[in-house]
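Read through the structure below, which is laid out as structure tokens, and then see the notes.
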Amino acid sequence: MNRWKKGLLVTLGVAVAFAAGFGWQYLRAERLERRVADLERDLTFQVLATELGVAAVEANRSSYESARRMASEFFTGLQASIDRAPAEVRGELSSILARRDDVITDLSRSVPASADTLADFLIRFHLAWSAVRTGAEHGAGDTVEAHVQ
């Protein structure tokens with residue numbers, strides 16, 4: 001084998017090794033990127049759940065203005081993030097979001113029943129996300145009906 005053919009085979013071998021290494025790292029980076037996106041989405045909705053929980057606690061303590069501010073932050077964040085939610089929970093989140101104006105109005109008027117409404121929203125929110133995280137462990141039909149209409 002002459003020198004030229006040896007050089008071509010070595011170059012071809014290096015190119016194949018580079019392509020294999022690059023492909024492996026590219027697939028790994030894509031997998032990690034999807035995982036980070038999922039974690040960011042989950043974190044966003046966990047922050048929203050925390051805001052809703054704090055609003056429910058504040059309303060239960062008759063601190064309606066604080067509850068109204070937290071509920072408003074929750075609803076604003078939910079509206080901005082609902083498109084990122086899995087399809088399985090969007091319906092439940094949309095039904096919670098549809099009651100935004102009523103809840104904010106009740107809180108601004110210091111209606112005691114608004115605490116129960118926020119607590120019901122928190123339970124519904126939690127059940128919807130639990131079903132997604134645990135592979136529908138709670139069942140597809142588990143929901144909590146709002147006590148306050």
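What the table shows:
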item	result
On Cα atoms only, tilt of 64-81 relative to the major axis of the chain in degrees	30 degrees
Residue of Ser72, Ser114, Ser94 that the Gaussian network model of the chain assigns the largest fluctuation, springs spanning Cα pairs under 10 Å	Ser94
Degrees between helix 113-133 axis and first principal axis of the chain (Cα, 0 to 90, nearest 10)	20 degrees
Choice from Thr134, Thr117, Thr76 showing the highest fluctuation, given a GNM over the chain with Cα pairs closer than 10 Å	Thr134
Residue-averaged [θ]222 nm for the chain, counting only DSSP H segments that reach four residues, each worth -39500 (n - 2.57)	-28000 deg cm²/dmol
Angle in degrees between helix 87-98 and the longest Cα principal axis of the chain, rounded to the nearest 10	30 degrees
Cα centroid of the stretch 8-29 to Cα centroid of the stretch 35-70, whole Å	48 Å
Percentage, to the nearest whole number, of Cα pairs in the chain over 22 Å apart	53 percent
Segment Ser94-Ser110, extension gain: residue separation times 0.36 nm, minus the distance between their alpha carbons	3.3 nm
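Read the figures in this text as sums done on the coordinates, not as results from a lab. This is a predicted model, so every value here is computed, not measured.
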